[in-house]
Amino acid sequence: MSKYFGDKKFYKMVCSLALPIVIQNFISNFVSFLDNIMVGRIGTEQMSGVAIIGNMIFIFYLALFGGFSGAGIFSAQFFGKGDQKSVAHTMRYKFYLAAVLLAAAFFIFIRFDEPLIRLFLSKSSDGVGDIEKTLQYSKDYLRVILIGLVPYAVSQVYATTLRETGCTVLPMAAGVTAVFVNLFFNYVLIFGHFGAKAMGVVGAAIATNISRFVELAIVLIATHAQSDRHPFIKSVYKGAKIPLPIVKSVTIKGMPLLLNEVMWSLGMVALLQSYSTRGLAVVAASNMTSTVSDLFSIVFFAIGNAISIVIGPMLGAGEIEKAKDSARKMITLSVMTCFVIGMLFILAAPYIPLIYNTDESVRVLATKFMTATALVMPINAFNHSCYFTIRTGGKTFITMLFDSVFTWVVMIPLAYILTRFTSLNIVTIYYIVLCSEVIKSVIGFAMVKSGTWAKNMVERIGDS
């Protein structure tokens, strides 16, 4: 049993790293849930419009996450090696990457807004929702929310680097503050309280933007004020150059991660698009399900991040066997925890949709989607932990095959065929597509067990 379960000291260490991430993600997702409810209280069209844009913006968020993850592999290992100057170089790399991704996002979302939105607009057989109203709400929300992408990208450069160097409390504090700011301004601007004008979905977008600037201000000021605790920050702005070996290594390892996250997020959008062919009610129910499931999934997301934080420095310090042992125990912890959380989700699923001001058919559909998602949560936890384990060792091309390629080769064709060429109801299709994740679990188990992922990649590069 000691092979899969750690001692008290081990779990104390994991909790010290994962708990701030859990707290931040819980508060963030809970406020997003309240956010979702506030918009949902206005009507189905408004909720669906915001959900469509949310899925489109989600691609940008994950592109940042994927690109930063490639640099983050090296940040963590450089930190384990004690090479602070090279940590600064990887942070500088993130700034350049963020600028490129922001330019691409603005061009695509401004130039192709309506054609992209219309991909998700299909009339429900039961007459739920107005297509043209939903389109207009989507465009109104998108026009404003784009502004907030800039502070979000910069704050993520700081937050991810801080986490990779073992500091999870400051990003948590900034994120927690930001979500409460978001909640307050949502209440004020969506419904028009304290003398403000009721602005609906536009108010929701403005509130989100305000919270993004607050988060950036906190993380930026605190990091520079505590430069002795974060010595890498002292040299980040002392030049614009990045040593060629670092650029080359980070790009080679990081590009598959960026492509993976873009392909995976596009895959999630493609899945929603397939589901949406069964009507606008499915879009609304899917939005409710994804928002709530994010709230219940925070533990395995946090443990996935903790895996990178724990085993990255071990690999950088050459402690290969210790890294393998720690990864195995953290994967077990994630799966066991999510068995319990999944059961709680199933119990809550019938009651959560009652909060929303929407049609009864949407509520029933959302309950069934939530139950299906809860049943596969332990499988998702295992797959997520395997992904982070393999990625931290630098096997980024393999993780791309494991994650996004699997989505496009298996899940999307399955959803496409079942929604368009069968008479199966949407809930049955949803179950079938989710259960295909079992195939990925088998592959992930084999890859982690082999141990070939555990590599020190910074031994011969860096400034020290």
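Any chance you could give the angle, 0 to 90 degrees and rounded to 10, that helix 426-435 forms with the longest Cα principal axis of the chain?
In the chain, helix 426-435 runs at an angle near 10 degrees to the longest axis.
Sequence neighbours fewer than 8 away in the same chain don't count; with that in mind, list the lysines whose C-alpha is under 24 Å from Lys139.
Straight-distance partners of Lys139: Lys123, Lys197.
What are the principal axis extents of the Cα atoms in the range 41-185, in Å, biggest first?
61, 32, 25
How much of the accessible area of the chain, probe 1.4 Å, is carbon plus sulfur, in whole percent?
Numbers: 12890 of 18960 Å².
Exposed carbon and sulfur together represent 68 percent of the surface.
If the cut-off is 19 Å between C-alpha atoms, which aspartates and glutamates fall inside it for Lys324, apart from same-chain ones fewer than 8 positions away?
Within the straight-line cut-off, Lys324 pairs with Asp7, Glu164, Glu459.
Which entries in Lys329/Lys395; Lys81/Lys248; Lys81/Lys329; Lys12/Lys368 show an alpha-carbon gap greater than 27 Å? Please report the intermediate quantities before stating the final value.
Working: Lys329/Lys395 20 Å; Lys81/Lys248 19 Å; Lys81/Lys329 24 Å; Lys12/Lys368 37 Å.
As for pairs spanning more than 27 Å Cα to Cα, those are Lys12/Lys368.
Treating only the Cβ of Lys, Arg, Asp and Glu as charged (+1, +1, -1, -1), what charge dipole size does the chain show about its Cα centre? Round to the nearest 20 debye.
On the way: 38 positive and 24 negative charges, 239 e Å.
Approximately 1140 debye in magnitude.
Pull out a ≥ b ≥ c, the square roots of the eigenvalues of the alpha-carbon gyration tensor of the range 156-275, then state rounded if a/c is under 1.5, prolate if not and a/b is larger than b/c, and oblate in the remaining case.
Cα axes put the range 156-275 in the oblate bin.
Arrange the residues Phe213, Phe79 by how much accessible surface each exposes, largest first, with a 1.4 angstrom probe.
The ranking, largest first, comes out as Phe213, Phe79.
Taking the Cα centre of the chain as the origin and placing charges on Cβ (Lys, Arg +1; Asp, Glu -1), which of Leu414, Val50, Leu220 is farthest toward the positive end of the dipole?
Checked the options; the winner is Leu220.
Between beta-carbons, use under 13 Å as the cut-off and find the net charge around Ile52, counting Lys and Arg +1, Asp and Glu -1. List each step's numbers first, then the result.
Numbers: positive: Arg118, Lys133, Lys139; negative: Glu45, Asp113, Glu114, Asp140.
Here the charged neighbours net out to -1.
Solvent-accessible area per residue for the range 299-370 at a 1.4 Å probe radius, Å²? Mind showing how you got there, number by number?
Details: 2830 Å² over 72 residues.
Averaged over the residues of the range 299-370, the accessible area is 39 Å².
As I understand it, the dipole of the chain uses +1 on the Cβ of Lys and Arg and -1 on the Cβ of Asp and Glu, about the Cα centre. Which of Leu135, Ala284, Ile108 lies farthest toward its positive end?
Ile108
Sorted by packing (mean other beta-carbon atoms within 10 Å per residue), highest first, where do 293-305, 65-77 land?
Numbers: 293-305: 21.8, 65-77: 27.8.
Descending mean neighbour count gives 65-77, 293-305.
The values are calculated or read from the model by the stated rules, or taken from the named source; none is laboratory data. Values in this document were obtained by computation on a predicted structure and should not be read as measured data. For neighbour counting, all protein chains shown are included, and Cβ atoms are generated from backbone atoms with ideal geometry for every residue, glycine included. Each accessible area value is taken on the protein alone, full model and side chains, heavy atoms only, with ligands, DNA and RNA left out. Shrake-Rupley method; radii C 1.70, N 1.55, O 1.52, S 1.80 Å.
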